[in-house]
Amino acid sequence: MKELLLEVRSLVATPNTDVTWSRFKDVDEVLECLDLCIENLRLGNKSALGEIMFLFAPTGSLQEISIASGWGTEFIEISSRFDDIMASID
């Protein structure tokens, strides 16, 4: 999961990221949220999974950012991997 979030983080950190249709005010706020989720997972704090599931939800912030930023197709593949990871956790 951490690797997947790091991959998303690198996409969000690109210069033309558009957060207009997300719940975030700017790219830095998205990166801070992702960093917090990554750190919580690193520490073994699974409570971060709720926030991560919210971020990956259909029409959630990450999907909106990906579409507006030109990596929507890539996000579909990433979210499919996310679903596989979540299925293995349950």
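Consider residue 65 carefully, then state whether it is without any contact (Cβ under 8 Å) to a residue 60 or more places away in the chain and outside any loop (DSSP other than H, G, I, E, B). Write out each step before concluding.
On the way: without any contact (Cβ under 8 Å) to a residue 60 or more places away in the chain: yes; outside any loop (DSSP other than H, G, I, E, B): yes.
Answer is yes for this residue.
Hey, residue 87 hits all of (1) open to solvent by 30 Å² or more (accessible area, probe 1.4 Å); (2) touching a Ser or Thr at 6+ places or on another chain (Cβ under 7 Å) but one; which does it fall short on?
Among (1) open to solvent by 30 Å² or more (accessible area, probe 1.4 Å); (2) touching a Ser or Thr at 6+ places or on another chain (Cβ under 7 Å), the lone unmet condition for residue 87 is (2).
Please find, among 42, 23, the residue that is open to solvent by 90 Å² or more (accessible area, probe 1.4 Å), touching a residue at least 40 places away in the same chain (Cβ under 8 Å) and not aromatic (Phe, Trp, Tyr).
Working: 23 fails: touching a residue at least 40 places away in the same chain (Cβ under 8 Å).
After applying the criteria, what remains is 42.
Quick check on this structure: which one of 13, 68, 48 is out of contact with any Lys or Arg (no Cβ under 8 Å at 6 or more places or on another chain), open to solvent by less than 50 Å² (accessible area, probe 1.4 Å), at pLDDT 95 or above and of a type in the set (Gly, Ala, Ser)? Write out each step before concluding.
Working: 13 fails: open to solvent by less than 50 Å² (accessible area, probe 1.4 Å); 48 fails: at pLDDT 95 or above.
Within the list 13, 68, 48, the selection yields 68.
The values are calculated or read from the model by the stated rules, or taken from the named source; none is laboratory data. Only a predicted model underlies this, so the values are computations on that prediction, with no experimental measurement involved. Here the Cβ is made from the backbone with ideal geometry for all residues, glycine too, and neighbour counts use every protein chain on show. Ligands, DNA and RNA are excluded from the accessible area calculation, which covers all protein heavy atoms including side chains. Shrake-Rupley method; radii C 1.70, N 1.55, O 1.52, S 1.80 Å.
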